[in-house]
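Have a look at the structure below, then the notes.
The values are calculated or read from the model by the stated rules, or taken from the named source; none is laboratory data. Since we're looking at a predicted model, the values are computed, not measured. Please note: Cβ atoms are built from the backbone with ideal geometry, for glycine as well, and neighbour counts cover all protein chains shown. Protein only, heavy atoms only, side chains kept; ligands, DNA and RNA dropped before computing areas. Shrake-Rupley method; radii C 1.70, N 1.55, O 1.52, S 1.80 Å.
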Amino acid sequence: MDIDFKENIIRLMQHPIMSKPIHELTSSEQSQACEILENLYECSMDENCTQIDYIQMSRLRYALGELAYVMCSNPERIIRYLLFSLHSLEKGGIDLSLNKWAELVNLRQSAE
């Protein structure tokens with residue numbers, strides 16, 4: 001595992017974002033969290049640092065989307081983070097399609 005990746009994991013674990021809601025963080029803490037999460041995401045894309053795990057990447061992008069929203073960031077940036085999060089979930093095998101929803105509702109209706 002890459003040294004920078006390990007250091008950023010430690011930084012994240014020690015950061016207030018791990019124990020306080022994002023909206024309660026100071027603007028400085030929010031900026032620091034954003035930097036750490038961006039670094040972790042970049043390392044997550046590098047197979048030399050870690051095994052690529054799309055669900056974990058989705059979590060990082062979702063947290064960045066939440067931070068961008070609370071920091072009153074550019075709406076396009078917020079949308080981009082959240083869309084990347086959804087795409088990573090799909091790549092990780094989570095089917096968010098309406099077809100899957102209808103299939104599961106139909107199966108539940110049949111079972112009752």
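Can you give the FRET efficiency to the nearest 0.05 for Ile10 and Asp95, using r as the Cβ-Cβ distance and R₀ = 41 Å?
With R0 = 41 Å, the Cβ-Cβ based efficiency is 0.75.
Over 10 Å intervals from 0, what percent of Cα-Cα pairs in the range 5-110 sits in each interval?
For the range 5-110, the pair-distance distribution reads 15, 38, 29, 13, 5, 0.
Could you work out [θ]222 nm for the chain from helices alone, using -39500 (n - 2.57) per DSSP H run of at least four and dividing by all its residues? Round to the nearest 500 deg cm²/dmol.
Working: 5 runs with 78 residues, N = 112.
So the helix-based figure for the chain works out to -23000 deg cm²/dmol.
When the Kirkwood radius is taken over all Cα pairs of the range 1-54, what Stokes-Einstein diffusion coefficient follows at 20 °C and 1.002 mPa s, in µm²/s?
Rounded, D is 184 µm²/s.
Could you check how much of the accessible area of the chain is carbon and sulfur, as a whole percent, using a 1.4 Å probe? Don't jump to the answer; show the numbers that get you there.
Details: 4190 of 7790 Å².
C and S fraction of accessible area: 54 percent.
Given Cβ point charges of +1 (Lys, Arg) and -1 (Asp, Glu) and nothing else, what value in debye, to the nearest 20, does the dipole of the chain about its Cα centre take? Kindly include the intermediate steps, with their values, before the conclusion.
Values: 10 positive and 17 negative charges, 63 e Å.
Here the size comes out at about 300 debye.
Please express the shape of the range 26-65 as an equivalent ellipsoid: the semi-axes are the square roots of 5 times the eigenvalues of the C-alpha gyration tensor, given largest first in whole angstrom.
Numbers: eigenvalues 89, 24, 5 Å².
After scaling each eigenvalue by five and taking roots: 21, 11, 5 Å.
So what is the accessible area of the chain per residue, in Å², with the probe set to 1.4 Å?
Dividing the accessible area of the chain by its residue count gives 70 Å².
Could you derive backbone 3J(HN,Hα) for the range 41-48 from the dihedral phi with the Karplus parameters 6.51, -1.76 and 1.60 (θ = phi - 60°), listing whole Hz in sequence and x where the residue is Gly or Pro?
Here the 3J(HN,Hα) series is 5, 4, 5, 5, 7, 9, 5, 6 Hz.
Using the Cα centre of the chain as origin and beta-carbon charges of +1 (Lys, Arg) and -1 (Asp, Glu), tell me which of Gln32, Tyr62, Asn8 is placed farthest towards the positive end of the dipole.
Tyr62
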